[in-house]
Amino acid sequence: MPAPVPRRRSVVACLVAAAAVLLPAAGSGPAAAITTTAGQGRPGEVVAVELVTERDQGRATWVVQAPPGTSFTRAPRTDEGPGASGSSCPLVSATEARCEPRTGWPAGTRLRAELTIAATAPAGTTTGTSSVGDESSGWSLTVLPPPAPTLTAPAVTRDRTPELRGTRDVVPGPERLGHAVTVSDDQGRLVCSVPAAAETSWRCTPDELPVGESVLLARQTSPGGSTSPASTPQVVRVVAPVTVDRPLDGATVSSGDVAVTGTADPGSPVRVRVGEERRTVPTDERGRFATVLTDLRPGRHRITAQQQVAGAATSSDTVTVVVPAPPAVPPAPRPQPTERPDPTPSRPAGDPEAAEPAGPAAAPPTAPGGRQPSAPPVPAGSAPDRTDEDEDGEDEDSRGEDGEHEGRGASGQDQDRGAGRSVTGGRGAAPGGGGPWTPERLVPVSLSAASLELVPGAGSRLTGRVGPNPSDEAVTVTVEGLLGRGVRYRAVTLAEEGGCSVTATRFRCRAELAPQQGATLTVHLLADAASPSPRAVHRLLVSGEGAATGPGAVNAVTSVLDLTSDTPSDTDTLSTQVSDVPGPLVVVLALFLFALAATVAERGR
């Protein structure tokens, strides 16, 4: 028997029956019969709310819970409709109120309440509850974030740490909790921050703004941790200050032409001034400027670079340079004419005037060329009778291991033992006694020289003493040397801690001296074997610089170096020997010529 086929009518009947059962069941549960009209506000503010019943709630107790972060300012009140007197809802706690009806809660009953938002409430939506009998519903209140603070900043400034200021909010209430403020640039980098305080005004100083334009924004954060929107952007343009890179402050230049270079704000010219001379120098896109000051006279000069930019303070930088006087080369000594004795006629024997008187007035014999022989000729193979001096007049101990002349004694106190040899001492150093370093004080300097005579093609050495430091503070000492033609520097050292830069004709050393500390200066020289001049000038410049007062006066020492040797040559010695003993040499020469003639005649046979 085939299975029965269900009919469509039976399916529809089942659906109708199910709906009849479910709908009554759904209507019997609690429904959202209370609506809310709630406001919004910021921490510390009072906000009004209103709850309304949508249908008759009977005589059940109406319980209202405040949202988290809020509290009832006063007890709520109810309005039960036209003709009915309202009732008060006592507060069980700051966050709960209970309302009892007089006759019941008809539809349309209104409950009005005022709530205070807590100072530490975070921004966002917060929800409370309202329940009558078996019915309950939630209601919400919106806590707003703090408003944006104000920000004031200079539009143009040369200060890379300008003061930023503005205003911020303070939470109403007895605590008067303030908002913290942060300032950042448009890239999110923190510029400065201000902690929370009860004052509405704020100010801060950034660590350092970059040169150029920066876009700054300020935000404030509430005690609850909510952050405000950004303030109106402020554009700050930091103008670069003027800085002179070259020459260095306190430097000694080699000539009257001085190159001045530095940096400033790009696009605006720089005015360079020295004495009465003024000139305007442009800057490139990186802010660099350069010029050359010419024909500066010897002495101390202040070079100032200055720039003016609209809206910013004038910026300037000043350096001091010293142009030394050119070393004066003394003229070579003029040769003196040689005086020859008049021939004395022979006198007959027995003439009383024939004998020449002997005594101190008798003139010594004169060698050819006008040279006075200092000693009789020394036989070959024998050594001269010497004690402590070598043939140049120096002590054996005054020579270094490398054969150079090593200086001894104080500058200006050496004996002038050769023509053209002299040492000119610098200005006397300011007396000791401590005290701060001042620009008028001098650093003592002494240059020693056992012999200032240099042998062409050979090395020599001069030693000296710089200091001691006469003040009671550390002083940076600069020692500079200049050489004339005919001599060049090989090496220069200033104690162990000093640093020196050396060229052929100039050197510069710097060292820091503690109070009463000095330093040893050693100068290695090499005389030019092909020097066109018999003399050269060596000039030494010494200056000190304190930490706060800058460079002091320059102490100068000038030395004249003699490149002419006093030692007689082999030809001069032979001439002297021939002049002193002509007889024996003539006989020997005649015999030599006779033997030579005989040899030639014998070979011709």
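The values are calculated or read from the model by the stated rules, or taken from the named source; none is laboratory data. Just so you know, these numbers come straight off a predicted model, no measurement behind them. Glycine gets a Cβ as well: all are built from the backbone with ideal geometry, and neighbour counts include every protein chain shown. Please note that ligands, DNA and RNA were not included when accessible areas were found on the heavy atoms of the full protein model with its side chains. Shrake-Rupley method; radii C 1.70, N 1.55, O 1.52, S 1.80 Å.
Go through region 68-124 and give me each residue that's part of a strand (DSSP E or B) and among the acidic types (D, E).
D79, E96, E114
Residue-by-condition table, conditions (1) in contact (Cβ under 8 Å) with a residue 24 or more places away in the chain; (2) under 30 Å from V477 (Cβ atoms); (3) surrounded by 12 or more Cβ atoms within 10 Å (Cβ to Cβ):
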| residue | (1), (2), (3) |
| --- | --- |
| A197 | no, no, yes |
| R203 | yes, no, yes |
| T221 | yes, no, yes |
| G224 | yes, no, yes |
| A259 | yes, yes, no |
| P266 | yes, no, yes |
| R278 | no, no, no |
| L296 | yes, yes, yes |
| Q306 | yes, no, yes |
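Name the single residue that is farthest from G481 (Cα to Cα) among those in region 499-528 being among the hydroxyl-bearing types (S, T, Y) and either open to solvent by less than 20 Å² (accessible area, probe 1.4 Å) or part of a strand (DSSP E or B) (or both). Explain how you work it out, then say what you get.
Filtering region 499-528 down to residues among the hydroxyl-bearing types (S, T, Y) leaves 501, 503, 505, 520, 522.
Those left that are additionally either open to solvent by less than 20 Å² (accessible area, probe 1.4 Å) or part of a strand (DSSP E or B) (or both): 501, 520, 522.
Details: S501: 11, T520: 15, T522: 12 Å.
Checking each candidate, the answer is T520.
Determine whether L164 is farther than 30 Å from V322 by Cα and buried (at least 20 other Cβ atoms within 10 Å of the Cβ). Can you show your working first?
On the way: farther than 30 Å from V322 by Cα: yes; buried (at least 20 other Cβ atoms within 10 Å of the Cβ): yes.
Yes; evaluated as a whole, the condition is true for this residue.
Output the residues belonging to region 226-249 that are open to solvent by 50 Å² or more (accessible area, probe 1.4 Å) and β-branched (V, I, T).
T227, T232, V235, T243
From the list D186, D169, exactly one residue is open to solvent by 40 Å² or more (accessible area, probe 1.4 Å), in contact with a Pro (Cβ under 8 Å, 6 or more places away or on another chain) and closer than 30 Å to V242 by Cβ. Which is it? Spell out the reasoning first.
Details: D169 fails: closer than 30 Å to V242 by Cβ.
Within the list D186, D169, the selection yields D186.
Could you tell me which numbered condition P174 fails, if it satisfies all but one of (1) within 29 Å of Q308 (Cα to Cα); (2) without any contact (Cβ under 8 Å) to a residue 12 or more places away in the chain?
Here P174 clears every test but (1).
Could you list all residues from region 280-293 that are surrounded by fewer than 20 Cβ atoms within 10 Å (Cβ to Cβ) and touching a strand residue (DSSP E or B) at 6+ places or on another chain (Cβ under 8 Å)? Before the answer, list the steps.
Residues of region 280-293 that are surrounded by fewer than 20 Cβ atoms within 10 Å (Cβ to Cβ), as a first pass: 280-282, 284-286, 288, 290-292.
Of everything in region 280-293, those that are surrounded by fewer than 20 Cβ atoms within 10 Å (Cβ to Cβ) and touching a strand residue (DSSP E or B) at 6+ places or on another chain (Cβ under 8 Å) turn out to be T280, V281, P282, R286, R288, A290, T291, V292.
Anything in region 205-219 that is assigned to a loop (DSSP other than H, G, I, E, B) and open to solvent by less than 50 Å² (accessible area, probe 1.4 Å)? List them, or say none.
Going through region 205-219, the residues assigned to a loop (DSSP other than H, G, I, E, B) turn out to be 205-211.
Passing the criteria: P206, L209.
Yes/no matrix, rows are residues, columns are (1) in a strand (DSSP E or B); (2) of a type outside the set (F, W, Y); (3) assigned by the TED database to the domain that holds D265:
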{"position": "T126", "(1), (2), (3)": "yes, yes, no"}
{"position": "S130", "(1), (2), (3)": "yes, yes, no"}
{"position": "W139", "(1), (2), (3)": "yes, no, no"}
{"position": "P154", "(1), (2), (3)": "no, yes, no"}
{"position": "R160", "(1), (2), (3)": "no, yes, no"}
{"position": "R165", "(1), (2), (3)": "yes, yes, no"}
{"position": "R176", "(1), (2), (3)": "no, yes, no"}
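This table checks each residue for (1) surrounded by fewer than 22 Cβ atoms within 10 Å (Cβ to Cβ); (2) in contact with an Asp or Glu (Cβ under 7 Å, 6 or more places away or on another chain).
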| site | (1), (2) |
| --- | --- |
| A75 | yes, no |
| E80 | yes, no |
| P106 | yes, yes |
| A118 | yes, no |
| A121 | no, no |
| S137 | yes, no |
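Quick one: how many residues across region 229-260 are out of contact with any Ser or Thr (no Cβ under 6 Å at 6 or more places or on another chain), of a type in the set (A, V, I, L, M, F, W, C) and in a loop (DSSP other than H, G, I, E, B)?
Number satisfying all stated conditions: 5.
From (1) without any contact (Cβ under 8 Å) to a residue 12 or more places away in the chain; (2) crowded, with 19+ Cβ neighbours inside 10 Å, pick out the condition that doesn't hold for V143.
So the condition that V143 fails would be (1).
Just for region 178-203: of the residues that are part of a loop (DSSP other than H, G, I, E, B) and within 36 Å of the chain's Cα centre (by Cα), which one is nearest to S222 (Cα to Cα)?
Our first condition is that a residue be part of a loop (DSSP other than H, G, I, E, B); within region 178-203, this holds for 179, 186-189, 195-200.
With the extra rule that they be within 36 Å of the chain's Cα centre (by Cα), the set shrinks to 186-189, 195.
Values: D186: 22, Q187: 23, G188: 20, R189: 21, P195: 11 Å.
Ranking the candidates gives P195 first.
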